[in-house]
Amino acid sequence: MIAIQSLSKLYDNDCYGLNDVSLAIDQGEFVFLVGPSGSGKTTLFNVLHGRERPSSGRAQVLAYELTRLLADQLPVLRRDVGMIFQDYKLLPKRTVYENIAFVLQVLHYKRRRIHQLVHQVLDLVGLTNKAHDYPRALSGGEQQRICIARAIVHQPRILLADEPTGNLDPDTAWDIMQLLGKINQRKTTIIVATHDWRIVNKMRRRVVRLMNGSVVSDTIMGHYA
Amino acid sequence: MPSLFFFIREAAIGLRRSGLMTVLSLCTLAVSMLVLGFFLLFTVNVNNLADFFVSRLEIRVFFRDDITRRDKRDFHTVVQGFDTVREVEFVDKAVAWETLKQQYSGTQLTRYIDKNPLPDTMIIRVTDQTKIQAMVSKLETYTTVVDDIVYGGYITERIQLLSKWLRISGWGFNALLLLATLMIIVNTIRLTIMARHNEVEIMQLVGATRWFIRWPFVIEGFVLGVVGSTVSVVMLKFSYDAVAKYIQQQFPFMPLIFNSPILWWIYAGLFIIGTVLGVMGAYISISRTLE
Ligand SMILES: Nc1ncnc2c1ncn2[C@@H]1O[C@H](COP(=O)(O)OP(=O)(O)OP(=O)(O)O)[C@@H](O)[C@H]1O
Ligand SMILES: [Mg+2]
């Protein structure tokens, strides 16, 4: 599903975002990616999502070899790999409904089906009543949930969640984690980057810890201490 | 492939949401096309004017006094032998004298000139003005028949040179203008797309293909092109008609292009160019943004 070998990402400013990372993640796994700020979590996601090209090593995601990804393959990869961005990246001039629907329009879904799926996913994240608001009218936590809804509406096979609970109060954060757990039960592979040790410790899932761009530990049913 | 309708709706939404930018692009396009159209009309008129003068150029051959009918006939055959001859006209000296006398009837020419001083004349009109010179130098060798040849030689050369120069520089200038127009339009549309740069990036992040993103922008460019060039063509037509009418009244002999099909070709051409520029501008801009 995801197989990474000796992957490095050297930024233009000679700073290693990732340094010799090797990692394998199976279909249907739920993995926490932890580490201090600047340890390379977002960089790893960006590589897996095709936003950054690896400098060396190999990274296989589903059928795609990221070191040799063609421009045409990028959109197709992204349909299989949903991402919840640390900074949301919602379209400011489109309503919540339109933001989510866009992903399905890209995939050529029919209007009726789009309507149905968007309402389902809005229901799931508990924001049905905000469907016709614009993102700027929403709180940070609400935007976060819209972002999740958008990332899962087309049921990607892999979901990358970068700090999905960063802006949420503990209760809502826990709800979101439950939600991600539910999505994981549909065989979606989920990787969550987070600083939230309480949640990590409560969930008892696999934990991969990064430090200065390298994997320093990888434990099943891990702790974050 | 989603329906064209989807992309058209997206384009409409895009145009409406960019409000001011849309208006700005529209104005830029219309003004650029107006300038281009103005110079096109100017160029065809100048060329037309030059053609007009050049086509008036003719060769006048004055015959010697001591030649026979037969000499003239032979000479006529020689002249007909040139393939650039369009028309040959004989003016008998007696007829010419009568005409002249009538023209100046008030001055009583005959009081000062008792005998007809005019020679028999042959007027040659040609199909290709650039060949006049060569033809004249050939005809001049028939010294037994020809007394003198008048063809406005210096003027001919000048006008021909000017006409050629005007033609080349006119079209060259219009080509440059077209290029400048394209660049202005590309950059204006680029501004509007830059304002939506984030939007484009996010679309890419959620898996939209390049064409999926491009289509609405290209349709927006098409709409801008159609509306912008229609506005400019309508403005151009009315202002040209007004100006041409005014000039015609002031200088009735000025050979202006008026009610001619060439004008409709220009208007149609401008409309098509404007539309193509709109589409191309949008396509180039969005493609650069997608890089
Ligand atoms: N575009 C970039 N150009 C240069 N350096 C970068 C770039 N993006 C990230 N880095 C550097 O790479 C390292 C890893 O950054 P990254 O964003 O992956 O950290 P992170 O683990 O996501 O941190 P956080 O928890 O704060 O989100 C940092 O030292 C950062 O300065
Ligand atoms: Mg980060």
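The values are calculated or read from the model by the stated rules, or taken from the named source; none is laboratory data. The structure displayed is predicted, hence computed values, not measured ones. So basically every Cβ, Gly included, is an ideal-geometry build from the backbone, and we count neighbours across all protein chains shown. Accessible surface is based on the protein model in full, side chains and every heavy atom, while ligands, DNA and RNA are left aside. Shrake-Rupley method; radii C 1.70, N 1.55, O 1.52, S 1.80 Å.
Residues considered: A:Met203, A:Met211. Of these, the only one that is in contact (Cβ under 8 Å) with a residue 60 or more places away in the chain and either in contact with a Ser or Thr (Cβ under 9 Å, 6 or more places away or on another chain) or more than 29 Å from A:Gly40 (Cβ to Cβ) (or both) is A:Met211.
Looking only at residues of region A:1-28 that are more than 13 Å from ligand 1 (Cβ to nearest atom) and open to solvent by 50 Å² or more (accessible area, probe 1.4 Å), we find that the one that is nearest to the other protein chains (Cβ to nearest Cβ) is A:Met1.
If you go through region B:189-200 and keep only what is assigned to a helix (DSSP H, G or I) and either at the interface with chain A (Cβ under 8 Å from one of its Cβ atoms) or open to solvent by less than 30 Å² (accessible area, probe 1.4 Å) (or both), you end up with B:Ile189, B:Thr192, B:Ile193, B:Asn198, B:Glu199, B:Val200.
The condition of being over 19 Å from A:Val106 (Cα atoms), more than 14 Å from chain A (Cβ to nearest Cβ) and not in a helix (DSSP H, G or I) holds for only one of B:Met254, B:Met235, B:Met280, that being B:Met254. Among the residues making up region B:212-222, those that are more than 10 Å from every other protein chain (Cβ to nearest Cβ) and either crowded, with 19+ Cβ neighbours inside 10 Å or more than 22 Å from B:Leu20 (Cβ to Cβ) (or both) are B:Arg214, B:Trp215, B:Pro216, B:Phe217, B:Val218, B:Ile219, B:Glu220, B:Gly221.
For A:Phe45, the test of being at pLDDT 95 or above, within 15 Å of ligand 1 (Cβ to nearest atom) and not in a helix (DSSP H, G or I) is failed. For the residues A:Gln155, A:Gln178, the requirement of being within 14 Å of chain B (Cβ to nearest Cβ), under 26 Å from A:Gln116 (Cα atoms) and either within 16 Å of ligand 1 (Cβ to nearest atom) or surrounded by fewer than 17 Cβ atoms within 10 Å (Cβ to Cβ) (or both) singles out A:Gln155.
Picking from residues in region B:3-18 that are surrounded by fewer than 16 Cβ atoms within 10 Å (Cβ to Cβ) and within 11 Å of another protein chain (Cβ to nearest Cβ), the one that is modelled with the lowest pLDDT is B:Ser3.
If you check B:Ala30 against the conditions, is it away from chain A (no Cβ under 14 Å), over 30 Å from B:Met280 (Cα atoms) and small (Gly, Ala, Ser)? Answer is no for this residue. Looking only at region A:80-96, which residues are within 14 Å of ligand 1 (Cβ to nearest atom) and touching a Phe, Trp or Tyr at 6+ places or on another chain (Cβ under 8 Å)? The one that is within 14 Å of ligand 1 (Cβ to nearest atom) and touching a Phe, Trp or Tyr at 6+ places or on another chain (Cβ under 8 Å): A:Met83. Entry remark, region A:92-133: residues being among the hydrophobic types (A, V, I, L, M, F, W, C), within 14 Å of chain B (Cβ to nearest Cβ) and open to solvent by 30 Å² or more (accessible area, probe 1.4 Å) number 1 in total. Would you check if there is a residue in region A:59-67 being in a strand (DSSP E or B), out of contact with any helix residue (DSSP H, G or I) (no Cβ under 9 Å at 6 or more places or on another chain), away from ligand 1 (no atom under 13 Å from the Cβ) and among the charged types (D, E, K, R)? Yes: region A:59-67 contains one or more residues that are in a strand (DSSP E or B), out of contact with any helix residue (DSSP H, G or I) (no Cβ under 9 Å at 6 or more places or on another chain), away from ligand 1 (no atom under 13 Å from the Cβ) and among the charged types (D, E, K, R).
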